[in-house]
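Take a look at the structure below.
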Amino acid sequence: MSRWTQGLNPEQAEAVLHTRGPLLILAGAGSGKTTVLVSRTGHILESGEAKANELCVLTFTNKAARELKHRVGHKLGARAAGLWTGTFHSFGLQVLRRFHKEAGLPSHFGVVDQSDADGILKELLANVKNSAKESFKTDKILALMNAWRETGRKKAQNPSDEYEIMAEVLMPKYLKRLETLGVVDFEGLLLKPIELFKAHPEILTRLQESYRHVMVDEFQDTNRTQFRLVQALVMNHGNVAVVGDDDQSIYGWRGACVSNILDFPKSFAGCRVIRLERNYRSTPAILGLANNIIEKNTARHGKVLKADPKADAGAKPELFVYDNDDIEIEEVVSHVRYFHDQGVPHDQIAVLYRSNGQGGLLEGALRQNGIPYSITGGTGFFDRKETKDVLAYLRCALNPNEVAFRRILNTPPRGIGEGTVEKLEARASAAPAPAPGKGKSKNLAFIAAARDWREAGVPEKIGESIDALFATLAGLPDELLAPAELSAGARLARFLERIGYRDHLRTIVKDDQALSKRWMAMEILGRILDGFVERGGATRESLRGFVDTMELRDPGEDLDRDKAPKVQLLTLHACKGLEFRAVVLMGLEEDLLPHRTLGGDVAEERRLFYVGVTRARERLILTRARARKRFGRLAPVTPSRFLEDIRPDLLEFFESGFRPVGEEQRKSLLSDLFKKLESDIASQKVER
């Protein structure tokens, strides 16, 4: 018995001890796959199956590689020196550095990242005339070209697809440019080693003899090129072990090929398959729901997550149905507060959603309620350029500061360039500092100089633009709050269109879909504003409260918040690999999950749902709305088809959107209400 199997369950131990021939370890969610990978590595080295420099472990992140190497090294010490662990791309780089001459590369070739590749493509695109289409998204062309390079395709198959035609034109030019520059892009780090092996089989033989054992983590995320690379490395000995879970294959949109793990036993004769089904994360009640969800997928390895038989069943997952998405957001915040009141730290509470657009309203509600949060795997709604721009307009219309004013001075462009700004800065610097408690603060000196633009030497035409901006700001509060059929949020969107802000966004993105997404952020901000106005009335105080809350203006408070645990907001793609004591998964409707534009592969969308559910350890809440607002109008929505597939006994349904109140809770609520009423009455007496 190896010391590396101590504390492992029988299936985990079996995976660790199987060291000869191909092995597929199907590691279900929360089944301890990292422990198995570390233990298997340690056992192979300690048993003499391979020396450290004869073992290659391929991962998808440098963090995973470092953790494995650290944990093995901690137990084995010097014997672990020389163990190669790293990403596929770093492996490809190592091979090309070693055999650069044979690969046709300079000795000190460079590697270009996505941004550099995008820049090269933009330069090439500028020299291609195409009258049928005004502009192209270079990242889309690059993705298309990479997919073609992976499969060896060179020609467009759809002559009416402008992107395919452009990819056909640009791909040879792009590859030639990389060659001229003496660089390799990320796709080339995988493809060039395979080309090298074909042209120089003796190099492949040397690598096969060097690495007697190969292991791959997160195998369900591999693409075709990565699979071919693994095949080539183990062709002569077959000692390959891959760890993964086909039920968690959720990256098909970026090239991951789930068939790699599904067909692995067919691709490697004599493959041993070991299933890790014992879940060490979630309660039996949550696992029951997860199993029910994923069993509806037909193309999968049979696998059922099992909890500790002695474990308490735990609370049933709950499904809440709300009349509209505004109520849903309010109640999601209530659920977060409820879990926190039950003793769950904020950083052990996660709110999950399918797309980033769903997070904006939630962020606004959490800020309004003073609940700290953190965004993982995406830009926060309030960190986006357009959100900051609009808040800067509102700030300058109410209580201006220099930072906000500088932001909007030439946004959208109104002819106020750097030269004008320098003149205003010089004028502001020349102004005498005000006495304490008197006159304009230093923070407003730049704004005062802008009002006094003639004294600053600004040309008349530009000065008139500055005057027009001040007039716009002066009238903005009344424009938003004046009695009218439109809400304050709708009038904010109308204001932004009127001043040319939407056209400004169009010049930045140059794509209708991207513009629609950015403009939707403005609509979300308007809806948050509507909530403030509805609660506080159509007053300037409501506007100030909105801006203050959205900006979280106190830097000291922000620093304190950074130290405190925060509620985690994540998309379903970003939550993979994480776990939380309590999870709220919102927006379970058709067009959101599965997504109307991103969810072409329904099986993958179901896997995405499954991944979200299996992040929960103790408590899980699902939510959906009966109606959702889009483009200012409330429209009915349909429950997600995935909900229709769930056995009713696995969920607690709350069609009214609220849990029935128990007798003890009812008494407590009434007691709190009476205390508040008594306090209000006492306060009124004191005031009189």
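The values are calculated or read from the model by the stated rules, or taken from the named source; none is laboratory data. Just so we're clear, the structure is a prediction, and the values are computed from it rather than from any experiment. No Cβ is skipped: glycine too gets one built from the backbone with ideal geometry, and neighbour counts run over all protein chains shown. These area figures cover heavy atoms from the full protein model, side chains too; ligands, DNA and RNA do not enter into them. Shrake-Rupley method; radii C 1.70, N 1.55, O 1.52, S 1.80 Å.
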Per residue, how much accessible area does the chain have with a 1.4 Å probe, in Å²?
-> 48
Expressed as a rounded percentage, what relative contact order does the chain have, with Cα pairs under 8 Å and six or more residues apart?
-> 17
Filter the chymotrypsin sites (Phe, Trp or Tyr not before Pro) in the stretch 590-649 down to the DSSP loop ones having no more than 16 other Cβ atoms within 10 Å, then list what survives.
-> Phe631
In nanometres, what is the gap between the two model label sites at Glu655 and Ser374, each 7 Å from Cα along Cα-to-Cβ?
-> 4.1
What does the accessible area of Lys140 come to, in Å² to the nearest 10, when a probe of 1.4 Å is used?
-> 110
Would you mind getting me the FRET efficiency between Glu46 and Lys122? Use the beta-carbon distance for r and R0 = 51 Å, nearest 0.05.
-> 0.45
In cubic angstrom per residue, the convex hull of the chain built on its Cα atoms measures 233
Relative pair counts by distance (%), Cα atoms of the stretch 276-382, 5 Å bins = 2, 9, 16, 17, 17, 16, 12, 8, 2, 0
When we measure straight from the Cα of Lys566, which aspartates and glutamates land under 14 angstrom away, once same-chain ones fewer than 8 places off are left out?
-> Asp347, Glu363, Glu557, Asp558
Hey, which aspartates and glutamates would be in cross-link range of Lys198, C-alpha to C-alpha under 14 Å, not counting anything within fewer than 8 residues on its own chain?
-> Glu102
When only DSSP loop residues count, what GluC sites (Glu not before Pro) in the stretch 105-175 have their Cβ near at most 12 other Cβ atoms within 10 Å?
-> Glu134
Residue-span extension gain [Arg79 to Ser115] - 0.36 nm each, minus C-alpha spacing = 9.0 nm
Evaluate the relative contact order of the stretch 258-410 (contact order divided by residue number), counting alpha-carbon pairs under 8 angstrom at least 6 apart; express in whole percent.
-> 14
Would you tally the net charge around Gly110, using a Cβ to Cβ cut-off of less than 11 Å, leaving Gly110 out, and scoring K and R as +1, D and E as -1?
-> -3
Treating every alpha carbon of the stretch 462-523 as one equal point scatterer without solvent, the Debye formula yields log10 I(q)/I(0) values at q = 0.17, 0.26 Å⁻¹ of -0.69, -1.05
Running Debye on the stretch 59-147 with equal point scatterers at the Cα sites and no solvent, what base-10 log of I(q)/I(0) appears at q = 0.24 Å⁻¹?
-> -1.16
Tell me, what is the FRET efficiency for Thr507 and Asp383 to the nearest 0.05, using R0 = 25 angstrom and their Cβ-Cβ distance as r?
-> 0.70
What is the distance, in nm, between label points placed 7 Å from the Cα along the Cα-to-Cβ direction at Asp591 and at Leu181?
-> 4.2
Note the per residue figure in Å³ for the convex hull of the C-alpha positions in the stretch 325-385.
-> 88
Counting only protein heavy atoms, what percent of the accessible surface of the chain is carbon or sulfur at a 1.4 Å probe?
-> 51
When each of Lys33/Lys306; Lys306/Lys576; Lys303/Lys576; Lys154/Lys192; Lys310/Lys576; Lys140/Lys176 is checked by Cα-Cα distance, pairs over 23 Å | Lys310/Lys576
Cα-based Rg and Dmax for the stretch 1-78, in Å, come out at 12.0, 33
From the C-alpha gyration tensor of the stretch 498-546, pull out the three semi-axes of the equivalent ellipsoid (sqrt of 5λ each), sorted largest to smallest, in whole Å.
-> 28, 11, 6
The stretch 366-427 - convex hull of the alpha-carbon atoms, volume per residue in Å³ | 126
Spin-label pair Arg535/Ser259, simplified geometry with 7 Å Cα→Cβ offset, distance in nm = 5.3
Which aspartates and glutamates have a Cα lying under 20 Å from the Cα of Lys423, excluding residues fewer than 8 positions away in the same chain?
-> Glu402, Asp452, Glu455, Glu460, Glu464, Asp467
Which three lengths, in whole Å and largest first, does the stretch 581-650 cover when its Cα atoms are put on their principal axes?
-> 37, 24, 22
